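What follows is a short report on a single structure.
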Amino acid sequence: MKKYKVGFTMGVFDLFHVGHLNLLERCKELCDYLIVAVCGDDYVTQVKKKTPVFTEEERIRIIGALKCVDEVSTITLDEIDDKMKAWERFHFDVLFSGDDWKGSERYNRTEEQFSKVGVSIEYLPYTKGVSTTEIKKKINSDR
Ligand code: CTP
């Protein structure tokens with residue numbers, strides 16, 4: 001039996017790479033049903049101040065095709081900012097997040113809010129040496 005029934009995670013997942021795959025496979029090891037929310041192009045341009053290489057429709061198709069993912073969804077800027085709003089829509093038992101967020105003010109606040117409704121947060125290890133930013137740099141240096 002797995003530790004949780006419904007798990008939830010979110011991300012941009014641009015230029016899908018093995019760090020993304022490691023994360024999603026680890027999430028699925030811990031829950032029966034994994035929901036992945038893909039951040040929209042508006043989040044990438046407005047908040048991350050980057051231009052996505054793949055559109056949100058393409059990123060959603062790629063994530064949705066993975067066997068470790070049971071459901072894929074879009075997510076609003078409000079729900080990204082306030083994880084309680086995401087929980088009100090998706091009703092997950094656990095939020096999975098990269099361990100780089102552990103101890104941050106935002107996640108401490110979310111932990112407090114989630115404990116009141118019986119939702120856990122699991123911090124999963126970030127895969128070192130690969131990221132969308134690094135891939136973009138590599139491609140540019142090869143030109
Ligand atoms: N992730 C991970 N290991 C990596 C890269 C990403 O575990 N090497 C996880 C992040 O912690 C997040 C999810 O994958 O939970 C989506 O991350 P995203 O920001 O889309 O990926 P990055 O490759 O880190 O993108 P960027 O370089 O633009 O920040």
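The values are calculated or read from the model by the stated rules, or taken from the named source; none is laboratory data. Keep in mind that this is a model prediction, so the values were computed, not measured. Neighbour counts are summed over all protein chains in view; Cβ atoms, including those assigned to glycine, are modelled from backbone coordinates with ideal geometry. All accessible areas refer to the heavy atoms of the entire protein, side chains included, with ligands and DNA or RNA removed. Shrake-Rupley method; radii C 1.70, N 1.55, O 1.52, S 1.80 Å.
Among the residues of region 82-106, those that are at pLDDT 95 or above and either open to solvent by 80 Å² or more (accessible area, probe 1.4 Å) or in a helix (DSSP H, G or I) (or both) comprise K83, M84, K85, A86, W87, E88, R89, F90, H91.
Exactly one condition in (1) out of contact with any Asp or Glu (no Cβ under 6 Å at 6 or more places or on another chain); (2) within 14 Å of the ligand (Cβ to nearest atom) is not met by C68; state its number. Failed condition: (1). If the condition is being touching a helix residue (DSSP H, G or I) at 6+ places or on another chain (Cβ under 7 Å), open to solvent by 60 Å² or more (accessible area, probe 1.4 Å) and in a helix (DSSP H, G or I), then region 25-76 contributes only D42.
Residues of region 1-18 being under 22 Å from V130 (Cα atoms), in a strand (DSSP E or B) and either modelled with pLDDT under 95 or open to solvent by 20 Å² or more (accessible area, probe 1.4 Å) (or both), which ones? Answer for region 1-18, where residues must be under 22 Å from V130 (Cα atoms), in a strand (DSSP E or B) and either modelled with pLDDT under 95 or open to solvent by 20 Å² or more (accessible area, probe 1.4 Å) (or both): just M10. A Cβ distance below 6 Å, combined with a sequence gap of six or more or placement on separate chains, defines the contacts here; from region 1-21, residues that are under 20 Å from W87 (Cα atoms) reach residues that are part of a strand (DSSP E or B) and acidic (D, E) in the pairs K5/D32. In region 119-140 there is at least one residue matching the filter, namely being crowded, with 18+ Cβ neighbours inside 10 Å, over 15 Å from the mean Cα position of the chain (by Cα) and under 25 Å from K3 (Cβ atoms).
In region 129-143, the residues that are closer than 18 Å to L21 by Cβ form Cβ pairs under 7 Å with partners that are hydrophobic (A, V, I, L, M, F, W, C) and loosely packed, with under 13 Cβ neighbours inside 10 Å, at six or more places apart or across chains, as follows: V130/V18.
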